[in-house]
Structure formats: structure tokens, C-alpha cells
Amino acid sequence: MLQSMTGFGKSSVTINGIRYNLDIKSLNSKNIDLNIRLPHWMRSIELDMRKQITESLMRGKVDVYVNTDVLDPAALTNLNIKVIKAYMSQMDAISHELSIEQRFQAAMTLPDVMQSDQNEFSEEDWKEFQVGLKEALDNIQQFRLDEGKVLEEEFRQRIHNIMDLLAQVPAYEEERIERLKQRIHKSLEDFKDVDQDRVEQEFIFYLEKLDITEEKVRLKNHCEYFLETMNSEESNGKKLNFISQELGREINTLGSKSNHAEMQKLVVDMKDELEKIKEQMLNVL
């Protein structure tokens, strides 16, 4: 079962009058590349979050955003009296024309006039937050699975196309051998006293070098192994990538040994199918 590294998941959880909105998105990457943005009072749980997210998603460029909505402002913040008095005193020193009300209104627009009662996350807060984190991770996992099904169907079709093209190769092999034989004999027509036995020996040796039986068998086996690996319980993009490299080697060898226009066309079509697999392989977990 394939999983894509592309995904998105979200959730929300309310703790102590604050709603925490989680957004997790991921793109392809060779390893885990995790970026987390949190409110400052959540920094104490960042390492625990990283561990849980890494264990769940394993690979990908992952961005995690935690934004907050204050549902109960009165319970969260209060006036920072010292800062407000300091602002008003400084404004009074600048201008005596401002009334107390005007100075207060101006001071309320300046930084740090509200102080937060929110402390570092407690163990209980972390347990409540994990419920929302797990929901977001479950959502992105489902997204990855849905994307993986699309990739799986495309890979299956591409592999079957390669196997169908491979099945057409034997139709040209007899003609290919006959053409080679005629070409060699024609090249030797201008020579007299040619040892025909030696010619036949050289011809057999030449055909052995151009024999593609092993390449056909290996290519077919690699295709079947690709489908088998793709159907395993765990997504294994790295292994599938290795198999696709082996497919490429066998297809290239077929092309170099073909010496036949129609066979070379089949090889070009195989390469095209494989290239489309490799393009999408970068997204597989």
C-alpha cells in the first residue's frame, strides 16, 4: 500500500479558554525535514511534538503551524498597570495639554500594556493537546493514503505497459537474426576463399553477444517484483526507486543490443513509461 509524502491535515482543541488550531502539511523530501511554529508558551513541548510527528510521518518536508483563538480574554490577560503608568508619565512630560483620559487611551495602543497569565504548558495541557495533534496526524495520514492510491494505480498501469511492450519483442527477434545473417554474408561476398565454417563460428559468437534472453527475463522479473513490493503492507518508496533503476538498466541494455528499428521503438516506449514512473516516484513515502 503506497503512501504519498504530499498531504494536509488539520484539527483544533480548546485548553484553558484558548482554541489551538493545528495545520500540518507535507511535501516530498529524502528525509524528515520538520518545521514547527508555536506560541511561545508551548516551547516546552516542542521536542515531544517533534518526536511524535517524526514517528508518524517518517519522511517529507513537514510544516506544522499552531495558531490560537482566545475564547475567554478576561481569563487570559489583565492590564499591566506599571507599563501603562510609565507611558502616561512620559506623555505628560512631553505635553501638558493631554487630559488623563487622552493619555490613557494613547497608552492603551502601545506595546506590552496587556500581560498574559498563560504559563508554560503543564503535563495535563500536553495530554489534552495530544488529542488534537493525533487527529491532525490521522487526517494527514489519510490524505497521504488517498494520494498513494492514485500513484499506485498509475504505477500499476505503467508497469503493465512495459510488460506489454516487452511481450512484443519476440515477434521481431527471428527477423532480426535473419537480417544480421544477411548483412554479414553480404559483407563477405567480395572476399574469395572465405572459410564458411569460420564464418558460421563468428556469426554464432556475434549472436551470443547480441542475445537478449537474459535481459527479457530480468526485465519481466523486475516488473513483477515492482508490483509485489507495491502491494506490500508498508509503503516503501526507496525500495521501489531501487527497482526502477534496475528496470532502467535492463531496458537500456535491450536498446543497445536490439539492432532492429521496430525493437528500438519498443524500447523508446518502455523508457517513456519508466520516466513517468520515476517522476512520480519522488512523492512516494
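Report the number of Lys pairs in the stretch 14-95 whose alpha-carbons are under 22 Å apart, with separation of 8 or more residues or on distinct chains.
Lysine pairs meeting the criterion: 5.
Per residue, how much accessible area does the stretch 225-285 show when a 1.4 Å probe rolls over the protein heavy atoms, in square angstrom?
Value for the stretch 225-285: 51 Å² per residue.
In straight Cα distance, which lysines are under 18 Å from LYS257, not counting same-chain residues fewer than 8 positions off?
Partners found: LYS181, LYS209, LYS216, LYS220, LYS265, LYS271.
Within the set of other residues whose C-beta is less than 9 Å from the C-beta of ASN28, count the net charge using Lys and Arg as +1 and Asp and Glu as -1.
Neighbourhood net charge equals +3.
Peptides 162-175, 29-42, 243-256: what's the order by average Cβ count within 10 Å, highest mean first?
Result, highest mean Cβ count within 10 Å first: 243-256, 162-175, 29-42.
The values are calculated or read from the model by the stated rules, or taken from the named source; none is laboratory data. Just so it is clear, the model here is predicted, and its values are computed rather than measured. Note that each Cβ is placed from the backbone with ideal geometry, even for glycine, and that neighbours are counted across all protein chains shown. Surface areas here come from the heavy atoms of the whole protein model, side chains and all, with no ligands, DNA or RNA. Shrake-Rupley method; radii C 1.70, N 1.55, O 1.52, S 1.80 Å.
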